[in-house]
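Notes to accompany the following structure.
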Amino acid sequence: MPLYFSAHTTACLTKQALRQLMQELLTSTDIKVRRCVASQIGGRMLTEAEAPDQPTLEKWFQARWINCEWIMRIDLDAHDGTVAEL
């Protein structure tokens, strides 16, 4: 399944609310969220998720009232000295 990164504004969320939001995303069964990272001070959250396509992922975030700054499909992944096509 295609892999996507997305960026979100989370300004004004308490650490507890941000933690709860991240936990809800990670436990979702509709879309597989692999990872979430967030900065309370920066007011931003990044997610790494598997989704059938970008419109499906956009609708999934909208249904949860999560604002997307951007969504990017990942085509190449480089780590440990190798580049792989996804």
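Read-outs throughout are calculated quantities, based only on the coordinates presented, and are distinct from any laboratory measurement. Keep in mind that this is a model prediction, so the values were computed, not measured. Every residue, glycine among them, receives a Cβ derived from its backbone with ideal geometry; neighbour counts consider all protein chains shown.
Brief remarks follow.
- Cβ-placed point charges (K, R +1; D, E -1), dipole of the stretch 19-61 about Cα centre in debye, nearest 20: 220 debye
- In this simple spin-label approximation, Ala84 and Glu24 carry label points 7 Å from Cα along the Cα→Cβ vector, and these lie 3.2 nm apart.
- The charge dipole of the chain, taken about its Cα centre with unit charges on the Cβ of Lys, Arg, Asp and Glu (plus for the first two, minus for the last two), comes to roughly 480 debye.
- Rounded to the nearest whole angstrom, the semi-axes of the ellipsoid equivalent to the chain, taken from the Cα gyration tensor as √(5λ), stand at 23, 16, 11, largest first.
- In order through the stretch 31-42: 3J(HN,Hα) via Karplus (6.51 cos²θ - 1.76 cosθ + 1.60), integer Hz, x for Gly, Pro: 10, 8, 8, 6, 7, 10, 10, 8, 10, 5, 5, x
- Net charge contributed by nearby residues that have their C-beta within less than 14 Å of Thr27 (K/R +1, D/E -1): +3
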